[in-house]
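Written below as structure tokens is the structure these notes are about.
The values are calculated or read from the model by the stated rules, or taken from the named source; none is laboratory data. Everything quoted here is computed from the prediction, not taken from an experiment. Here the Cβ is made from the backbone with ideal geometry for all residues, glycine too, and neighbour counts use every protein chain on show. To get the accessible areas, we keep the full protein, side chains included, count just its heavy atoms, and leave off ligands, DNA and RNA. Shrake-Rupley method; radii C 1.70, N 1.55, O 1.52, S 1.80 Å.
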Amino acid sequence: MTTTVYARVESPLGELLLVGEVGADGPDAAGAAGVRLRSLSMPGQKGGAVVQDGWRHAPEAFAEVARQLEAYFAGRSTRFDVPLAEGAGTEFQRRVWAALESIPYGSTVSYGEVAARVGASGAGVRAVGTAIGRNPLLVVRPCHRVIGADGALRGYAGGLERKKLLLGIEDGAG
């Protein structure tokens, strides 16, 4: 049995909502606080999480996630190492999300490149864009690193200004 917990964390993007699961398997399987991160969303985000009845406010469970986010936003960290909840998304979405996790810090790739990485041809680029738009772990799973083939910033559930800010952090201009 799992319990859903949440916390809010301030960031340069605004207040982030962290949602996680605490299970019967305890801290050893899910990190020091026993939480697996299920969602990281921000105000006004398309499809972002909303606190539900029955969720428990547990900021202490997210102390390590908050520390890593702070280091990332300060330019002191280039990666996240937090336990993630499993099972979200379709098999195709999980393949796309895994491809996002392989995009190096400070780099960008096109939607077409992500489609090629997951074996989606031609028209599959649109499906890849949809899967990226449903990424429940903004920032941690770096969908902000995906841009248009022409180099233009395209689609970001948190808004293009936030995408620009994240890319600026990663190229040292944040």
Only one of (1) touching a strand residue (DSSP E or B) at 6+ places or on another chain (Cβ under 6 Å); (2) open to solvent by less than 70 Å² (accessible area, probe 1.4 Å); (3) more than 26 Å from Thr4 (Cα to Cα); (4) of a type in the set (A, V, I, L, M) is not met by Leu137, so which one is it? (3)
Assuming Leu18 fulfils every condition listed in (1) in contact with a strand residue (DSSP E or B) (Cβ under 6 Å, 6 or more places away or on another chain); (2) open to solvent by 50 Å² or more (accessible area, probe 1.4 Å); (3) among the hydrophobic types (A, V, I, L, M, F, W, C) apart from one, which condition is it? (2)
Among the residues of the range 109-128, the number that are closer than 15 Å to Gly148 by Cα and among the charged types (D, E, K, R) is 2
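Only one residue in Glu101, Glu113, Glu91 is open to solvent by 60 Å² or more (accessible area, probe 1.4 Å), over 22 Å from Gly44 (Cβ atoms) and within 13 Å of the chain's Cα centre (by Cα), so which one is that? Please lay out each step first, then the result.
Values: Glu113 fails: within 13 Å of the chain's Cα centre (by Cα); Glu91 fails: within 13 Å of the chain's Cα centre (by Cα).
Going through Glu101, Glu113, Glu91 in turn, the sole match is Glu101.
Can you pull out every residue in the range 122-174 that is polar (S, T, N, Q) and not in a helix (DSSP H, G or I)? Give the derivation first.
Step one: list which residues in the range 122-174 are polar (S, T, N, Q), which gives 130, 135.
Once the filter is applied, which keeps residues that are polar (S, T, N, Q) and not in a helix (DSSP H, G or I), the range 122-174 yields only Asn135.
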